[in-house]
1. Among the numbered conditions (1) open to solvent by 30 Å² or more (accessible area, probe 1.4 Å); (2) farther than 21 Å from Lys210 by Cβ; (3) under 21 Å from the mean Cα position of the chain (by Cα), tell me where Ala302 comes up short.
2. Tell me whether the stretch 285-299 contains one or more residues that are more than 30 Å from Ala72 (Cβ to Cβ), of a type outside the set (Ser, Thr, Tyr) and in a helix (DSSP H, G or I).
3. Return yes or no: is Arg279 loosely packed, with under 12 Cβ neighbours inside 10 Å, at pLDDT 95 or above and out of contact with any His (no Cβ under 9 Å at 6 or more places or on another chain)?
4. Among (1) in contact with a helix residue (DSSP H, G or I) (Cβ under 8 Å, 6 or more places away or on another chain); (2) surrounded by fewer than 18 Cβ atoms within 10 Å (Cβ to Cβ); (3) without any contact (Cβ under 8 Å) to a residue 40 or more places away in the chain, there is one condition Leu182 misses while meeting the rest; what is its number?
5. Got at least one residue in the stretch 139-147 being more than 27 Å from His219 (Cα to Cα), over 22 Å from the mean Cα position of the chain (by Cα), assigned to a helix (DSSP H, G or I) and in contact (Cβ under 8 Å) with a residue 24 or more places away in the chain?
6. Evaluate the stretch 250-265: report whether one residue or more is under 24 Å from Leu182 (Cβ atoms) and free of Cβ contacts under 8 Å to residues at least 24 places away in the same chain.
7. With respect to Leu78, determine if the residue is surrounded by 15 or more Cβ atoms within 10 Å (Cβ to Cβ), closer than 30 Å to Asp327 by Cα and at pLDDT 95 or above.
8. Of all residues being assigned to a helix (DSSP H, G or I) and in contact with a Leu (Cβ under 8 Å, 6 or more places away or on another chain) in the stretch 149-179, which is most open to solvent (accessible area, probe 1.4 Å)? Just the residue, please.
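The values are calculated or read from the model by the stated rules, or taken from the named source; none is laboratory data. These figures come from a predicted structure and were not determined experimentally. Cβ placement follows ideal geometry from the backbone for every residue including glycine, while neighbour counts extend to all protein chains displayed. Just so you know, the surface numbers come from the protein's heavy atoms only, side chains and all, with ligands and any DNA or RNA stripped out. Shrake-Rupley method; radii C 1.70, N 1.55, O 1.52, S 1.80 Å.
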Amino acid sequence: MRSSSLARTTLAGLALLALSGCAAIDYYGQAVGGHLALLQAARPIDDWLQDPAAPAALKERLRLAREMRRFASAQLALPDNRSYTAYADLQRPAVVWNVFAAPELALRLKTWCYLGFGCAGYRGYFAEANAQATAAALKAQGYDVNVAPVPAYSTLGWLDWLGGDPLLSTFIQWPEAELARLIFHELAHQVLYVKDDTVFNESFATAVEKEGVRRWIAHRGDPRLAEAFAQYELRRADFIALLLAHRAKLVQAFERGSDEERRAGKRAVFAELQVAYQRVKAERWGGFAGYDRFFNRELNNAHLAAVGAYNDQVPAFEALLRQHGQDLAAFFVAARRLAELPKAERDRALAALHPAGG
């Protein structure tokens, strides 16, 4: 049954591709093939729990993830469907690799448009080599580029009839609160998705994830879990604040002067960012090195241009949730009303909810 379903999906995808050029066929072909391979690797959680060859540690995490999934629908008003009720071992460090690109002297992400999904500021590939090839071509055109490994993505609930989005080996062993955060975030995308507005979509899902994790921790009643997540949130907030502050400095550096002067300003800002990170790491995190991977490379505009997508409108959505007494179901209704507005009007409404935000 599953094989025939996958075959129908493949044929439908190829029919859509026939309307596009060769480059589009190649891109959508890898997307369709990559997702079908993921679905074929997925097995229901109960299958893994009954498999004597499955590691005990994996079974423990799958039981915990199943409890999170039930909590998401029962307590957070998130969709009750087949997503995150199966698990796939991908045997690779990421499910996809996203390519971000920005001009050398601007913090404006290059956008790509996709059949059915609208436009977004990234290009995703199931094979890292393909992502790196696209990155190389963009660099040759003068873009600043970032290739980012991604642990999960959402199909927005559209493929629930095929089993939905599975749990993946790329994140199943994350710390408990972070695993919950990811599941709640991705399910929030199934509640609400607006074409061509990445900032709205990601900020909405981030606000939902934060409220969801707060409730999950209260549900668990484990002081150690609460303390671990408080430390995680502190470091995450510091990290985001660092990036946003230096993104603002880059904007100022790009506003005036010759190209060479702006390049010099850009170098100075990124050098200052590295110094600021080492100071925060030593003075506030006690030497915690979890963000070293991000900073142990040459950073560029593409790294900072993307950070706002997940954060710029979060305070506004949190204010909207407070307006509705932390009632998530009512909050979702209000957010959908915002989504129906034209983008400019929608942005003004969100800005009014949190005038000091952004």
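1. Condition not satisfied by Ala302: (1).
2. So far as the stretch 285-299 goes, yes, one or more of its residues are more than 30 Å from Ala72 (Cβ to Cβ), of a type outside the set (Ser, Thr, Tyr) and in a helix (DSSP H, G or I).
3. Numbers: loosely packed, with under 12 Cβ neighbours inside 10 Å: yes; at pLDDT 95 or above: yes; out of contact with any His (no Cβ under 9 Å at 6 or more places or on another chain): yes.
Yes; evaluated as a whole, the condition is true for this residue.
4. Only one criterion is unmet by Leu182, namely (2).
5. So in the stretch 139-147, the residues more than 27 Å from His219 (Cα to Cα) come out as 139-147.
From what is left, the residues that are over 22 Å from the mean Cα position of the chain (by Cα) are 139-143.
Then keep just the ones that are assigned to a helix (DSSP H, G or I); that gives 139-140.
Filter again for in contact (Cβ under 8 Å) with a residue 24 or more places away in the chain, leaving none.
No, there is no match, as no residue in the stretch 139-147 is more than 27 Å from His219 (Cα to Cα), over 22 Å from the mean Cα position of the chain (by Cα), assigned to a helix (DSSP H, G or I) and in contact (Cβ under 8 Å) with a residue 24 or more places away in the chain.
6. Here is the first cut: in the stretch 250-265, the residues under 24 Å from Leu182 (Cβ atoms) are none.
Checked the stretch 250-265: no residue is under 24 Å from Leu182 (Cβ atoms) and free of Cβ contacts under 8 Å to residues at least 24 places away in the same chain.
7. Values: surrounded by 15 or more Cβ atoms within 10 Å (Cβ to Cβ): yes; closer than 30 Å to Asp327 by Cα: yes; at pLDDT 95 or above: yes.
When the stated conditions are applied, Leu78 passes them.
8. Glu176
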